[in-house]
Amino acid sequence: MFVRLNLILEKMIPFLTPASVIVGILISDYIKDYTFLVPWLFAFMTFEGSLNMNVKGLADVVRNPFPIAILLLFLHIVMPLWALSVGHIIFSGDVLTITGLVLAMVIPTAITAFIWSAMKRGNTALTLAMIVIDSLLSPFVVPLSLAVFVGKSVEMDVTGMMTGLFFMIVLPSIAGIAINEWTKGKAEKEWKPKLAPFSKLGISLVVMLNSSQVAPYFKQPDGKLLMIIITAFFISATGYLFAFLIARFLKYDRETVIAFTYTGGMRNISSGAVIAVSYFPPAVILPVVVGMLFQQVLASLYGTFLEKVYQRNLPESKSMSV
């Protein structure tokens, strides 16, 4: 029953996330006081996502660190710089909106990237390793990146942000890996199938609760909101495309290209929204929450794109051993 429910929810993810944003805005008056639950829900989702990870799989990928290094540079330098540049061009002088666009790009890669990579037959070992490593580094990388790109303009509680990321991502990730190792893989086979559907529902709840915080902006739409939506969509869409092109340029095999596309294109927007809600003014939250509207839809569209690319029998690239 749990497996069937999880499969149904996986297929619904592209539509469940934007629907949750809409519901969260519509019922914001009733749920906005419950955002304190978000870090706990997120910690549970991270724990569940880590139950299929093990030390050996991570070690195998780490032996060839170049792809990980490329992805880390792409996620935390290239894309934030791209978001900063686009933000300054379109929202010149609007520090808070620009900060939101940059925040949406400096947060770690999404746990759901593994789901899409697995569904499209990508390199799941690389995807899992990247999720874990990026998550473990996030308490240091995210505040540092924000300090470098926008720190002079916006006050940040760096210590609080690092603490929040540690308890939301790092600690649950370590716990999930440790339990899977301790049970010799039984946790992945027995626990994960039962917890997975609740994790998918957790994504929906987190999106709803975070969306309730920006409901006033959506209830009184204006031209600026439309520009934020268009800009956030453009930055997110180009993130997938740039990651794909980099992997193709490096002549990686099909599985690795798919892993690059999803790992480089997707972001843990739920954690970004939690950071925005906790440590920034509401105007910073808006570009981050807007990203929830179409990240999963873009993942589905790029899945179709990848299928068409490789159905054309384009030359296979050199295999990357991971």
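The values are calculated or read from the model by the stated rules, or taken from the named source; none is laboratory data. Note that the coordinates shown come from a computational prediction; the quantities given were computed from them, not determined experimentally. In this analysis, Cβ positions are derived from the backbone assuming ideal geometry, glycine residues included, and neighbour counts consider all displayed protein chains. With ligands, DNA and RNA removed, areas are computed over all heavy atoms of the protein, side chains included. Shrake-Rupley method; radii C 1.70, N 1.55, O 1.52, S 1.80 Å.
Descriptive notes on the structure:
- Quotient of Cα Rg and 2.2 N^0.38 Å for the range 254-299, N being how many residues it contains: 1.37
- Dipole magnitude (debye, nearest 20) for the chain, charges at Cβ of Lys, Arg, Asp, Glu: 840
- Taking the protein heavy atoms of the range 149-253 in the context of the full set of protein chains, the accessible area attributed to carbon and sulfur is 69 percent at 1.4 Å.
- Stretch gain in nm, segment Lys184-Ile89, where the contour uses 0.36 nm per residue and the Cα spacing is subtracted: 29.0 nm
- Under the span-like rule (Cα at least 24 Å along the axis, Kyte-Doolittle mean at least 0.0), DSSP H helices of the chain: 2-26, 124-149, 192-212, 223-249, 282-311
- Where only C-alpha atoms are counted, convex hull volume of the range 69-158 per residue in Å³: 98
- For the range 182-247: lysine pairs under 24 Å (alpha-carbon distance), excluding those fewer than 8 apart on one chain: 6
- Label positions at Lys194 and Phe15, each projected 7 Å from the Cα along the C-beta direction, are separated by 3.1 nm.
- Nitroxide proxy distance, nm - points 7 Å out along Cα→Cβ at Ala69 and Val148: 1.5
- Across the range 126-219, Cα-Cα pairs farther apart than 22 Å form 49% of the total.
- Alpha carbon Rg of the range 16-115, scaled by the compact-globule rule 2.2 N^0.38 Å: 1.41
- log₁₀ of I(q)/I(0) at q = 0.25 Å⁻¹ - the range 187-275, Debye sum with one point per alpha carbon: -1.14
- Surface per residue (accessible, 1.4 Å probe) for the range 32-81, Å²: 48
- Build a GNM of the chain with springs between Cα atoms under 10 Å apart, and of Leu96, Leu146, Leu225 the one that fluctuates most is Leu225.
- Inter-probe distance in nm under a simple model that places probes 7 Å from Cα toward Cβ, at Met119 and Ile77: 3.3
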